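Engineer: One structure follows; several queries about it will come next.
The values are calculated or read from the model by the stated rules, or taken from the named source; none is laboratory data. Keep in mind that this is a model prediction, so the values were computed, not measured. As a convention, Cβ positions derive from the backbone with ideal geometry for all residues, glycine included, and neighbour counts pool all protein chains shown.
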Amino acid sequence: MNKEFNLRLVLRVMSSLALVESVLLLFVCLIPLIYGESDAHYFFISSLISLAFSGLTYFLGRNPSPSIGKREGSVIVTFTWIIFSLIGLLPFWLSGSIPSFTNAFFETISGFTTTGASILNNIEELSHGMLFWRSLTHWVGGLGIIVISLAILPVFSTSGTQLFGAETTGPTKDKIHPKINETAKRLFLIYVILTTAETILLLFGGMNLFDAVNHSFATIATGGFSTKQASIGYWDSAYIQYIISIFMILSGINFSLYYFGFKNKFQKIKENEELKYYIIVLFSFVIIVALSMIDFSKPFSFPVVEKAWRDSMFTVSSLMTTTGFCTVDYMYWKPLTWVILLIVMLTGASAGSTSGGIKMIRIVISGKACYYEFKRLIHPNAIIPIRYNGHLVREDILTRVLAFTLLYLVIAGFGILVLAMSGMGFMESIGGMITCLGGVGPGLGMVGPAGNFHDIPEFSKWFLSLMMLTGRLELYTVLLLFTPAFWKR
C-alpha cells in the first residue's frame, strides 16, 4: 500500500531547482552585454519568471515532511525537466529567434536532454546569447539537472538519494562517496575538468573562445548543438575533428572511472568490462565503416586512407556516444553503414556517462545471458552463473536489464509506427525515433546530418519531445507516471 503522496516536498524541491535555472538565465544576460547585442532583457525576463515560479512553489511547499519515496522522486525529476524546458524556451520564443512555441520547446528539450535534434535552418543568425544558452542547456542536462543541483545546493540532504537514482543512468548507480552530495560534487568536478581541457585544446586548433566553449559544452554533455549550420564540418580541420572525436569517446566512459583514476585505483579501470567492450565495439565499427569508404580498385594513398579513417572515427564515435556532431553526410555512404550507425545509436556508450541509448553494460549482460542460455541447452544440468566485472549478476539485476532492453526496443518499434502514421516518411520515422529516444541528434533521410526536424508534422515534434525525455530518464522514471498503480494511495 503506497503512503500519501508528499506534494509539499515535491514543490519545495522544485522551488530550489527553479531557482537554479533563474540564476543560469541571469548569468547568460552577460553574454549579450559582452558582445554588444540587445537581447539581454529576454534572458532577464525569463529569469524573473523562473524566480516567480520558484517563489510560488516555495510558498505552496511550506513545512514539508522530509519523507520521500520513488513516486516523489519520479515526479520531481520528470516535471523538473519539463518545467526547465518550458522556462528555457522563453528567450528563444520571446525574442522571435524561434517564433513557433512548438519549435522552441522542441529545441529546448532537445538541449536539456542532450539529444541535439534541431529545427533551426539559420543557426548562424542567432545572437551570441541565444547560441550560448542553447549550448548551456546541453551542459546542464548532460550531467543532469538534479546532479548539478546536488553538487551546488545543500537543500537535498534528505531527498538526494532518491533523486539521484531517478535521474542517473544504468542498472547500477556508482556512489563514489557514502554521501550522495559528495558523489555529485566529484562527478561535477570531473565534468568541469573535461570541459576545460577540451576548450583549451580547441583554442589551439584555431577556434575562437566562444566557439570552443560552446562546442566543449556540447561534446562533454554528448549533446551535439553547434554554433554553425554545417556543425564541425564548418572548420574542415583534421586537428579539431580528432580532438572532438577523442573527447566524445572520453565522454562516453563512466565518469566514476575517472575518479578511480585520480585515486590511483587503476585495477578498477582495468577490470571494467563495460569499458573494454565499449572500446572494442566502437573501434570495430570504425574499422568496418572506414573500409567501406575506401575504393580498393584505386591505388592507396595516405590522404585517402586518413580521410576515410577520420570520417569514420568521427561519425561512429559521435553516434555511439549519442553526441550527434557531423562532419559529413553519411546518407551518401553505402547502405551497410546506415545499418551499423543505427546499431551504434541503439547501443549507446557507458552507463554513468552523459550518453544515451541502451548502454553497453546492458548489451554485455544481455549478450552473456543469451550465450549462457545456449550453453545450458547443451548442458542442462550445469549451473552456469552470469558474471560481470568478476561478480555474480543477481537475478533481479538480470531481470531488470533484460526487461529494460526489451522495453526499449518495443518503445522504439511502437514510436516508429506512430511517426509513420503522423505523416513522416518511413526512413525518417526509423531514424527520428531511434535518434530521439537515444538522445543522438541526427537520424536518417530528411532528418539526417544534412537536414533537421523543422519540417516534420507538429504532432511528431511533441511526440519526439516526450521520447527525448523518456530516453534521457531511462524509460521507467517517466513511464511510471502513466501507470494507475503509481498514483494509488
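Engineer: When you go through 183, 199, 227 one by one, which is the residue that is closer than 23 Å to residue 442 by Cβ and crowded, with 20+ Cβ neighbours inside 10 Å?
Structural biologist: Unique residue meeting the criteria: 227.
Engineer: Using beta carbons and a limit of 8 Å, which pairs, at least six apart or on different chains, have the first residue in segment 47-69 and closer than 28 Å to residue 27 by Cβ and the second one basic (Lys, Arg)?
Structural biologist: Pairs that qualify, where the first residue is closer than 28 Å to residue 27 by Cβ and the partner is basic (Lys, Arg), are 57/12; 58/12; 60/8; 61/8; 61/12.
Engineer: Additional query: Do you know which residues across segment 58-76 are in a helix (DSSP H, G or I) and closer than 24 Å to residue 470 by Cβ?
Structural biologist: 70, 71, 72, 73, 74, 75, 76
Engineer: Under 8 Å between Cβ atoms, at least 6 apart or on separate chains: pull out the pairs that start in segment 388-406 with a residue that is at negative phi and end on any residue that is assigned to a strand (DSSP E or B).
Structural biologist: Pairs that qualify, where the first residue is at negative phi and the partner is assigned to a strand (DSSP E or B), are 393/387.
Engineer: Let me ask another. Return the residues of segment 12-41 that are touching a Gly at 6+ places or on another chain (Cβ under 7 Å) and surrounded by fewer than 18 Cβ atoms within 10 Å (Cβ to Cβ); say none if nothing qualifies.
Structural biologist: Of everything in segment 12-41, just one residue is touching a Gly at 6+ places or on another chain (Cβ under 7 Å) and surrounded by fewer than 18 Cβ atoms within 10 Å (Cβ to Cβ), namely 37.
Engineer: From 79, 53, grab the single residue that is surrounded by fewer than 21 Cβ atoms within 10 Å (Cβ to Cβ), modelled with pLDDT under 90, part of a helix (DSSP H, G or I) and among the hydrophobic types (A, V, I, L, M, F, W, C).
Structural biologist: 79
Engineer: Any residue in segment 101-112 that is assigned to a loop (DSSP other than H, G, I, E, B) and not aromatic (Phe, Trp, Tyr)?
Structural biologist: The answer is no, given that none of the residues of segment 101-112 is assigned to a loop (DSSP other than H, G, I, E, B) and not aromatic (Phe, Trp, Tyr).
Engineer: The conditions are (1) more than 26 Å from the chain's Cα centre (by Cα); (2) over 16 Å from residue 77 (Cα atoms); (3) polar (S, T, N, Q); (4) not in a loop (DSSP other than H, G, I, E, B), and residue 38 fails exactly one of them. Which is it?
Structural biologist: Here residue 38 clears every test but (4).
Engineer: I've got another one for you. In segment 214-313, which helices (runs of 4 or more DSSP H) lie fully inside it and hold 2 or more residues that are under 29 Å from residue 122 (Cβ atoms) and either aromatic (Phe, Trp, Tyr) or touching a strand residue (DSSP E or B) at 6+ places or on another chain (Cβ under 9 Å) (or both)?
Structural biologist: 238-251
Okay, residues lined up against (1) surrounded by 15 or more Cβ atoms within 10 Å (Cβ to Cβ); (2) within 23 Å of the chain's Cα centre (by Cα); (3) over 18 Å from residue 472 (Cα atoms):
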{"residue": "376", "(1), (2), (3)": "no, no, yes"}
{"residue": "380", "(1), (2), (3)": "no, no, yes"}
{"residue": "387", "(1), (2), (3)": "no, no, yes"}
{"residue": "419", "(1), (2), (3)": "yes, yes, yes"}
{"residue": "424", "(1), (2), (3)": "yes, no, yes"}
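Engineer: Here is a further query. List the residue pairs whose Cβ atoms are under 6 Å apart, where the first residue sits in segment 120-133 and is part of a helix (DSSP H, G or I), the second is crowded, with 19+ Cβ neighbours inside 10 Å and hydroxyl-bearing (Ser, Thr, Tyr), and the two are 6 or more positions apart or on different chains.
Structural biologist: Close Cβ pairs satisfying both conditions: 130/97; 131/227.
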